[in-house]
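Colleague: One structure follows; several queries about it will come next.
Please treat every number below as a calculation from the coordinates, not as lab data. Source: prediction; values computed, not measured. Cβ: placed from backbone, ideal geometry, glycine included. Neighbour counts: every protein chain shown.
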Amino acid sequence: MPLEAVMIVVDNSESSRNGDYTPNRYDAQSDAVNIIFQNVVQGNPESSVGLMSMGGKGPEVLATLTTDQGKILEGLHQTKKKIRGSAHLLTGIQIASLALKHRQNKSQRARVIVFVCSPIEESERELVVLAKKMKKFSISVDFVLFGDMDEENQSKLEAFNREIKGTTDSSHLVVIPPSSKLLSDQLISTPILLGEGAAAGAGGVGGEAGAASEDFPFGVDPSADPELALALRMSMEEEKARQEKRAREEAEAAQKASLETVKEEGESAPLLDKDGQPGGSKKDDDKMDTS
């Protein structure tokens with residue numbers, strides 16, 4: 001997994017009370033947020049995740065970038081008591097981008113993941129302008145659209161996604177309709193968690209989560225068994241990290257061995273012997289300068 005700083009924006013508007021997702025839209029988001037946190041931090045221990053809400057009176061930062069899942073859980077619990085009003089999508093993304101600009105580790109890739117389950121009040125033109133700014137600042141923006149999936153909502157997010165993606169595939173729009181599956185389970189099989197290598201049909205622009213990914217490298221359909229697919233991917237990345245670490249250690253050992261055999265000019269023995277002690281025979285050490 002890449003080194004990332006991720007701000008997750010949850011929709012705590014009045015629409016999040018709806019029970020068309022199990023157990024309701026807000027709690028479904030909370031489960032998904034925990035899955036995203038684990039995926040990001042386990043994928044790279046130096047990555048960090050922050051949390052904010054965009055409903056109620058206005059957007060609110062609930063947890064700054066952290067690797068402590070307890071802070072994320074606390075933020076979700078506090079926000080559950082503040083479900084009201086409408087969503088402020090535009091302002092929410094802008095505040096999330098500011099939080100990312102002030103991240104301590106500038107080598108982290110900046111990313112915003114936004115859950116949208118309510119009508120989008122901003123115009124398509126306003127969203128396109130914002131997408132251009134995010135693209136300029138190299139901030140990826142992923143949308144998880146569920147709940148209010150009317151044509152207008154989807155059209156606005158598709159316009160944003162087209163503008164920010166350009167020729168890259170670092171931002172995604174995932175549409176997840178109501179089903180017997182949990183929102184978090186369906187999210188596992190999308191490019192937001194599987195990465196940019198996942199097939200567009202698994203949740204690209206206008207795509208529905210759960211579509212089969214023919215290019216999945218493990219021969220496992222993530223829509224059929226998302227947990228196994230994610231586990232296999234994580235295992236592969238851990239094994240790759242172990243191999244890279246072993247290669248570094250072997251290279252360092254070889255370099256050390258080569259230094260031990262280096263001879264100084266005029267010396268008949270290396271600087272260090274095989275035990276790491278100064279080179280030269282004991283006989284040479286016992287010689288005295290009689291000149």
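Colleague: Give me a comma-separated list of calculated 3J(HN,Hα) values for segment 64-81, in order, Karplus coefficients 6.51, -1.76, 1.60 applied at θ = phi - 60°, integers in Hz, x for any Gly or Pro.
Modeller: Each residue of segment 64-81 in turn: 6, 3, 8, 10, 9, 5, x, 5, 5, 5, 5, x, 5, 5, 5, 6, 4, 8 Hz.
Colleague: Find how much the distance from residue 22 to residue 78 grows on full extension, using 0.36 nm per residue of separation minus their present alpha carbon separation; answer in nm with one decimal.
Modeller: Full extension of this stretch gives 18.2 nm more.
Colleague: With 22 Å as the limit, write out which pairs from 101/133; 135/156; 57/133; 80/135; 106/133; 106/136 have Cα-Cα distances beyond it, or answer none.
Modeller: Checking Cα-Cα distances, 57/133; 80/135 exceed 22 Å.
Colleague: Here's something else I'd like to know. So what are segment 113-197's ellipsoid semi-axes, whole angstrom, largest first, if each one is the square root of 5 times an eigenvalue of the alpha-carbon gyration tensor?
Modeller: 21, 17, 8
Colleague: Now for a separate question. Taking the Cα centre of segment 139-190 as origin, work out the dipole magnitude from +1 charges on Lys and Arg Cβ and -1 charges on Asp and Glu Cβ, in debye rounded to 20.
Modeller: With only Lys, Arg, Asp and Glu charged at Cβ, the dipole is about 160 debye.
Colleague: May I pose another question? Take the Cα radius of gyration of segment 75-124 and divide it by 2.2 N^0.38 Å, with N its residue count; two decimals is plenty.
Modeller: For segment 75-124, the normalised Cα radius of gyration is 1.38.
Colleague: Under a point-charge model restricted to the Cβ atoms of Lys and Arg (+1) and Asp and Glu (-1), what is the dipole moment magnitude of segment 1-50 relative to its Cα centre, in debye to the nearest 20?
Modeller: Computed about the Cα centre, the dipole is about 40 debye.
Colleague: Another question, then. Once you have the Cα-Cα distance between residue 179 and residue 14, take 0.36 nm times their residue separation minus that, and quote the gain in nm to one decimal. The partial results should precede the final answer.
Modeller: Values: separation 165, 0.36 × 165 = 59.40 nm, distance 2.11 nm.
Full extension from residue 179 to residue 14 adds 57.3 nm.
Colleague: Between 143, 153, 183, whose Cα lies farthest towards the positive end of the dipole of segment 61-186 when Lys and Arg beta carbons carry +1 and Asp and Glu beta carbons carry -1, centred on the Cα centre?
Modeller: It is 143.
Colleague: 7 Å from Cα along Cα→Cβ at both residue 124 and residue 162: what's the point-to-point distance in nm?
Modeller: Going from the residue 124 label point to the residue 162 one covers 0.7 nm.
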